[in-house]
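I have placed the structure first, in the form of structure tokens, so that the comments after it can refer back to it.
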């Protein structure tokens, strides 16, 4: 496989390099069986300046444009819609291709398509770019209609809850009362969880992978390093860099830090070990690079082409601030009104959002009589496993979704 | 305690803040019982331009100045000398105070002194700053006598082995044939291990804490991020910044990354949790900082005052390149000629140089019939535990050292 699509936490070719087992009908091209084929992103805009949604901060904010894609068909009673939520660096392009020549399928293409876990023969799958992002939905790089210039740091602080409110506007626009499921990994899982709490009557089920109800101090610390790298870049200029050079080095360093946290020590060891980049001889100079170094530098540099540094700041802050239990005086109170059936999946080597954090949520759900299945998959791939462990993850998801119909 | 001395991997006040149990007669002031009192750093210089030691790269390098301190007295037959080796960001100031007003004792003051683990009533303790460092021993910030200007990147690439060769010159200078022990944590432990391999006849014992014979890909990756942050700083200027502003932001970011790796997730959670810096109200702006963020930023900024960015690059590269087994075609061959008795100590939550890495060395030693004791201490404090777990570590060390006399 030679797919190079941008992905959620890591780039997809990353998945391909690291994978040691085939994943069934994976991405190849738009005409391949199992592909949703060529898809066209769509935009939905609502609100006017000063009016749109009420952010968690209390600020009224609009207008908001939402970039989204859909796969499959909405059925007659509008009951088969699944909303997929992307991770930190992901986007609305979850499956398929943007043209016949496009070699880079969407970031969860191995999970979404005819016959796949999110079976587009059965379900109408929606994925939208988050508020604050930089892939079509309104974010700090968007033009502020009041000034005619990019928002930069005048963009309001947004939260996971705000992302979900914007998604609800989109779901309303699509005429869907109740989602068959909400599903995501990492920051996507946080949004899925938030949906079930904020809109219990509108979520029939939720699939939450490699997520957490609140980041650890360590995870916040890694995000803080990334933000520091960005704001220390001479080109960042207080976030007002859109008419000049972007803070590319700072953003690349932030991405390098992130990449380390998305993989496990074991996965990095399997993938790179202590191998040096090919060179005739060890030269005792700083040209002697380990493969892991040049890989990270490559990932950092590549990221800069597709991501906005200010979005990095806003979205990472949204994750840091997320603390579902604190907002409701405890996780049990937070989930007590949930009506969704849950599938919560963790990966044994995920040290960014370790399994114990998901278990806290699951135990709170159990104590409240919420219908929840918890599965921890043994995997060496760390946090990124939800992009990689398709063989074991896909049957779990499809079984869970099919099981909903039995009731 | 209010000590604020620079330390090995972390700053000492860090230790004090994190510690929940007293550590016996700890640092306080020069007159306190258990303190070695006021100490004076000394310099030893050897070699001339182009002649000094033969580096592992094959380059002849000199002159070299070694900054060192000693505590206690060398006995008549010069058999009671213990060489302490410092960690990455440490220095020669391992114990005592530099003046009566000095409130900042040396970095391992809680381990070195009369009646302490390294008992200066019995042993003559030596600690020197490493080659490539920036605390008195020749490094990239030193003046190249050939040019009259700081070396910068014209300083040769150095290795752990080279650090040890310089220490041997110092030991020769002090007239010591055989060291009673070599001891260090982290990068210091790598040097101690290297001593026993390179100079088996000169090392009676070795104490190796929180160390490794080779870094994992993940540990290399963290170092690579730090180096990238430094060289991306506009003030780095290819390493030639000594007559201007140093690359302070880049170095601070490197330090922040390092700090995360020195603590465990649990230790960070205990220390900071998700507490926000004190502020009247959560303001939904970027002034809302978690305590862990401001702590890291403080540590980063403070580090810049005492450390040289080029030393960060050279020393972190030396650690990355260290691979004892690879150099000898396997760890068993590497240790087969060791004559030292070993104490190898690891800490359960050290994820930077995890216990399994020390065990690889220990098992190789056992297979070669080398006399080795291995102790893994259960500790939540991560890699930094060798600065913190004094209550349990000190008796281990003193018992080990006393046991040598019984033979």
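Some observations on this one:
- Using a 7 Å projection from Cα along Cα-to-Cβ, the label point at residue A:403 is separated from the same position in the remaining copies by 5.3 nm, smallest value first.
- Chain B: relative contact order as a whole-number percent, Cα under 8 Å and 6+ apart: 16 percent
- Computed E for residue B:368/residue B:298 - FRET, C-beta separation, R0 30 angstrom, nearest 0.05: 0.05
- Residue-averaged beta-carbon neighbours from other chains (10 angstrom radius) around B:156-168: 1
- Spatial separation of Cα centroids for the range B:335-392 and the range A:210-276, in angstrom: 32 Å
- The calculated FRET efficiency for residue B:54 paired with residue B:234, based on their beta-carbon distance and R0 = 41 Å, is about 0.65.
- Beta bridge orientation in the protein assembly as shown: antiparallel %, DSSP, nearest 5: 35 percent
- Two-decimal log10 I(q)/I(0) for the range B:74-151, as the Debye equation yields it once each C-alpha is a single scatterer, q = 0.17 Å⁻¹: -0.76
- Distances between equivalent label points of residue A:392 across the copies, with each point positioned 7 Å along Cα→Cβ, amount to 3.1 nm, shortest listed first.
- Max mean-square fluctuation residue, GNM over chain A, Cα-Cα springs under 10 Å, options A:168, A:202, A:367: A:367
- Look at A:86, A:173, B:98 and count the other Cβ atoms within 10 Å of each Cβ; fewest to most, that gives A:173, B:98, A:86.
- FRET efficiency for the pair residue B:287 and residue B:348, taken as 1/(1 + (r/R0)^6) with r the Cβ-Cβ distance and R0 = 45 Å, rounds to 0.75.
- Fluctuation leader among A:152, A:106, A:96 - chain A, Gaussian network, Cα springs under 10 angstrom: A:152
- Closest approach of a chain B beta carbon to the axis mapping chain B onto chain A (residue, whole Å): B:234, 2.
- Residue B:405 paired with residue B:42, simple spin-label distance in nm, labels 7 Å along Cα-to-beta-carbon: 2.4 nm
- Residue order, fewest to most beta carbons within 10 Å, for B:356, A:71, A:151: B:356, A:151, A:71
- Prolate/oblate/rounded call for the range A:94-238, Cα gyration tensor, a/c under 1.5 rounded: prolate
- Diffusion coefficient, µm² s⁻¹, Stokes-Einstein with Kirkwood Rh over alpha-carbon pairs of the range A:20-158 at 10 °C and 1.306 mPa s: 97 µm²/s
- Extension gain, residue A:245 to residue A:270: 0.36 nm times the residue separation minus the Cα-Cα distance gives 5.3 nm.
- Shape call, the range A:211-285: gyration tensor on alpha carbons, a/c limit 1.5: oblate
- Label-point separation in nm, residue A:198 to residue B:337, each point 7 Å along Cα→Cβ: 6.8 nm
- Measuring nothing but how far apart in sequence close Cα pairs (under 8 Å, 6+ apart) lie, relative to its length, the range A:197-324 scores a relative contact order of 32 percent.
- Here residue B:48 yields copy-to-copy label distances, from shortest upward, of 8.7 nm, the label point defined as 7 Å from Cα along Cα to C-beta.
- Scaled against the 2.2 N^0.38 Å expected of a compact globular protein of N residues, the Cα radius of gyration of the range A:224-341 reads 1.45.
- Value of Rg to Rh for the protein assembly as shown (Rh from inverse mean 1/r over Cα pairs, i.e. Kirkwood): 1.01
- Taking other C-beta atoms within 10 angstrom as a stand-in for reagent exposure, A:143, A:112, B:313, A:176 fall in the order A:143, A:176, B:313, A:112, fewest first.
- Shape call, chain B: gyration tensor on alpha carbons, a/c limit 1.5: rounded
- When shorter helices are ignored and each DSSP H run of at least 4 residues is given -39500 (n - 2.57), the per-residue value for chain A at 222 nm works out to -10500 deg cm²/dmol.
- DSSP bridge analysis restricted to chain A gives an antiparallel fraction near 35%, rounded to the nearest 5.
- Choice from B:140, B:355, B:33 showing the highest fluctuation, given a GNM over chain B with Cα pairs closer than 10 Å: B:33
- The distance linking the range B:50-129 with the range A:92-123 is 62 Å (Cα centroid to Cα centroid, whole angstrom).
Laboratory data are not the source of any read-out in this text; all were calculated from the coordinates shown. What you see is a predicted model; the values in this text were computed from it and never measured. Backbone-built Cβ (ideal geometry, glycine too); neighbour counts: all protein chains shown.
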